[in-house]
Amino acid sequence: MSKNTPKNKIINRIVNQSTALGALVILLVASLISNFYLYDSNQNTKKQNQTILLESQNLRTSLDDIGKKYENIAKQLDINEKDRLFLVQSFNQVGSEYNGLMNNYNEKLNEVTTLQKAVFIPDELLKKYSKYYFLNENYSPSSTVQISLNYTLNGKEVYIMPEVYTKLEKMILDAKNTGINLVINSGYRSFNEQKGLKSAYTQRYGSGANTFSADQGYSEHQLGTTVDITDGKVGLVTSFENTKASTWLRDNAYRYGFILSYPRGNNYYMYEPWHWRYVGVELATYLHDKGLNFYDLDQNVIDSYKTKIFD
Ligand SMILES: [Zn+2]
């Protein structure tokens, strides 16, 4: 045991104080170390936090970018869809306008065709020529063609309007196919030819010639649409009506547009079973179906068939 001397007391105090100081220093150092670690850890956390924040911000930006791109694409798609629909609608509209215009065009074209026919088809082709009405001596067909010598009597030169010849030839060929021989005896005759013919008749038969070759009678031949048809054996006589050719013509000629101008019992002219006038298929069929004679029809009714005469 040390003695409680002043020296010892001082030493003890110093020792005690030193111990306390040492403890304090240790505590201080520990606290410093601890604080340093805490600080360091804090800094790390902060850094990590900042990194994460930065990364999340980058992600956010990327997401926004993608969102914008998506919106743009969606817009473009929307615009394209609208454009497509607009184009389809426009196309359909243009299509229906085109159809409408085409319909109008065709209607106008038909009107023009009808008007042209009305203008270019002479009224004379469907007029009635009787004891009172006859064709102007200056009238002549717009054109004529020669009928094939195969179809004419003894290879005679006979002429007719080309439009009528088409129908006539078909009729002759169809008849031939059923064993009927149709022979063309005469067709177009000009006013002067007819005049010569009439004067020849007059010389032979006197004034009686008027009954079968009168002024009004030749008018139909002057049109260029009328033919005298026989079977090549029986001539231009009433008994021609008893031939197979005559029966065939009465049953079928209307299909080709031909009518018998002066049938038996008519009030306009002597009976001519061989004398066939072209009036068009439609009118000829009407007359045939109704059992009517051309010359009994009202001229206005007849005229309404004019534009269709060559159909
Ligand atoms: Zn005749």
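The values are calculated or read from the model by the stated rules, or taken from the named source; none is laboratory data. Note that the structure is a prediction, hence the values are computed from the model and not measured. Here the Cβ is made from the backbone with ideal geometry for all residues, glycine too, and neighbour counts use every protein chain on show.
Listed values, structure above:
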read-out	value
Among residues of region 142-157, those that are touching a residue at least 12 places away in the same chain (Cβ under 8 Å) and assigned to a loop (DSSP other than H, G, I, E, B), counted	6
Test: residue in region 294-308 that is within 16 Å of the ligand (Cβ to nearest atom) and not aliphatic (A, V, I, L, M)	yes
Sole residue being under 13 Å from Ile229 (Cβ atoms) and assigned by TED's automatic domain parsing to the domain that holds Val279, chosen from Val145, Val183	Val183
Subset of region 264-276 [in contact with a Ser or Thr (Cβ under 6 Å, 6 or more places away or on another chain) and buried (at least 23 other Cβ atoms within 10 Å of the Cβ)]	Pro273, Trp274, His275
Residue match in region 108-128 (condition: surrounded by fewer than 10 Cβ atoms within 10 Å (Cβ to Cβ) and at pLDDT below 90)	yes
Helices (runs of 4 or more DSSP H) fully within region 214-311 counting 2 or more residues that are touching a Gly at 6+ places or on another chain (Cβ under 9 Å)	244-252, 281-290
Selected residue (criterion: nearest to Asn181 (Cα to Cα)) from residues of region 235-254 that are within 16 Å of the ligand (Cβ to nearest atom) and crowded, with 17+ Cβ neighbours inside 10 Å	Ala245
Restricting region 219-234 to residues that are crowded, with 24+ Cβ neighbours inside 10 Å and of a type in the set (Val, Ile, Thr), the residue that is farthest from the ligand (Cβ to nearest atom)	Thr225
Subset of region 255-285 [more than 16 Å from the ligand (Cβ to nearest atom) and modelled with pLDDT under 95]	Gly265, Asn267
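One line per residue, one yes/no per condition, for (1) closer than 23 Å to Ile147 by Cβ; (2) in contact (Cβ under 8 Å) with a residue 24 or more places away in the chain; (3) in contact with an Asp or Glu (Cβ under 6 Å, 6 or more places away or on another chain):
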| position | (1), (2), (3) |
| --- | --- |
| Val234 | yes, no, no |
| Val237 | yes, no, no |
| Tyr254 | yes, yes, no |
| Phe258 | yes, yes, no |
| Arg264 | no, no, no |
